[in-house]
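Everything on this sheet refers to the single structure shown next.
The values are calculated or read from the model by the stated rules, or taken from the named source; none is laboratory data. Values in this document were obtained by computation on a predicted structure and should not be read as measured data. As a convention, Cβ positions derive from the backbone with ideal geometry for all residues, glycine included, and neighbour counts pool all protein chains shown.
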Amino acid sequence: MNVALVFNQKKEGTSQLSGTDDATEPPSLKGGIITSLSPHTVSTETINTVSDLFAEWDTPSTIAAVRRALEELHDVTLIEADEHAFEKLKANPPDVVFNIAEGLHGVSRESQIPAILEMLRIPYTGSDPLTLAVCLDKSRAKEILAYYHLPTPRFVVVHDISMIREVTIPLPVMVKPLHEGSSKGIFNSSVAKTKSELASEIERIIAVYHEPALIEEYLTGREFTVAMLGNGETITPLPIVEIKFDSLPSGVNPIYSYEAKWIWDQADAPLHIFECPAKISPSLQTEIEAICKRAYTILRCRDWCRIDIRLDREGRPHILELNPLPGILPNPEDNSCYPKAARAAGLTYNKLIQGVLALALQRYGMLNEEPAILKTS
């Protein structure tokens, strides 16, 4: 079977510092992200110099690892998700696409490749354009979750600073870009504890990302992420990952910020920030898995998704967001949550990738037997 791997690739050797994309001697990088900042550097100056434009895109090593996994069973063609992708897919349509393309421009950027594939009637892995667009727009996803009485933190969307008077959620609050992933725009300062800090964060989001700010109730409990796998009756949560905030530098806010994900956590000096399986009670595990299954179904996710969960002060789980294009860094030292959960379930990286493709093939009626990944997990 011919499989096209469609992706967006980070440019190696780019420093991700504002205005320094052509630097000849970039600082050390983790996936193309600058990492030479001090673990205690959380200042406004830091935030203003770090560019996270390509944070969602995949590294060459990730793309190569996915390709190797698929090549064990299939013929693989690489197609970069740029302005030429449509012509390439139309000229030589593959049997199926393994889609990891995040896109770059627009609110619906994650939907662009799936929409093209549906136009060309080419099967593909993962969720459809509508689900990808809704999940990227955090407020739309939260509105749907709330309609179905699934717990999610209270929120308000602010389009300009004059709307700050409409924020009636008690401080502190979280301030995030409305439609970004990979912790883009979420820094230590994103926990606003005063009206002045709230105004500053709103202005930063609107100025830097040119999109509204999502103001969200700040939950003070533990945080988890749940890798989901399957479709219909086969939807399966993999072992739950807990984010251990006590591994962060002292004095910083207990959030999985851009600094925590891309700056402080390095392959050569990893933070011990994840615990999998999470050490939680059977009742809490059951509750988390139940709301994740329901959210996965309600948002019509397909094949795989990662769902972020945070507890309130009473220990009740709330859904922060759904990530239907989960990060899949292949190396264990890179602390990528979905592959970490898969390993805890007994799945190698290659079996995970092959299994996701098999789930898609089954959906399209191109695979008659149950995918082996479901038997393993």
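Every residue, every condition in (1) in a helix (DSSP H, G or I); (2) at pLDDT 95 or above; (3) not assigned by TED's automatic domain parsing to the domain that holds PRO114, yes or no:
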position	(1), (2), (3)
PRO277	no, yes, yes
SER283	yes, yes, yes
ILE307	no, yes, yes
ILE319	no, yes, yes
PRO339	yes, yes, yes
LEU347	no, yes, yes
ILE353	yes, yes, yes
ASN368	no, no, yes
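Going through GLY126, GLY185 one at a time, which residue ends up being in contact (Cβ under 8 Å) with a residue 12 or more places away in the chain, closer than 24 Å to VAL356 by Cβ, of a type in the set (Gly, Ala, Ser) and outside the structural domain of ASN350 (by TED's automatic domain parsing)?
Being in contact (Cβ under 8 Å) with a residue 12 or more places away in the chain, closer than 24 Å to VAL356 by Cβ, of a type in the set (Gly, Ala, Ser) and outside the structural domain of ASN350 (by TED's automatic domain parsing) holds for just one of GLY126, GLY185, which is GLY126.
Looking at segment 183-212, which of its residues are over 30 Å from ASP303 (Cα atoms) and among the small types (Gly, Ala, Ser)?
SER189, SER190, ALA192, SER196, ALA199, SER200, ALA207
Would you check if ALA69 is touching a helix residue (DSSP H, G or I) at 6+ places or on another chain (Cβ under 8 Å) and assigned to a helix (DSSP H, G or I)? Even if it seems obvious, please write down each step before you answer.
On the way: touching a helix residue (DSSP H, G or I) at 6+ places or on another chain (Cβ under 8 Å): yes; assigned to a helix (DSSP H, G or I): yes.
Judged against the criteria, ALA69 is a match.
Restricting attention to segment 169-201, report how many residues are farther than 18 Å from ASN253 by Cα and modelled with pLDDT of 95 or more.
Residues meeting the conditions: 2.
Return only the number of the condition from (1) closer than 15 Å to GLU321 by Cα; (2) touching a Ser or Thr at 6+ places or on another chain (Cβ under 8 Å) that LEU130 does not satisfy.
Condition not satisfied by LEU130: (1).
Please work out which one of (1) over 18 Å from the mean Cα position of the chain (by Cα); (2) assigned to a loop (DSSP other than H, G, I, E, B); (3) of a type in the set (Val, Ile, Thr) is the condition ILE291 fails and give its number.
Exception for ILE291: condition (2).
Can LYS244 be described as of a type in the set (D, E, K, R) and crowded, with 22+ Cβ neighbours inside 10 Å?
Judged against the criteria, LYS244 is not a match.
Inside segment 117-164, can you point out the residues that are of a type in the set (S, T, N, Q) and over 23 Å from the mean Cα position of the chain (by Cα)? Can you show your working first?
Here is the first cut: in segment 117-164, the ones of a type in the set (S, T, N, Q) are 125, 127, 131, 139, 152, 162.
Scanning segment 117-164 gives a single hit, SER162.
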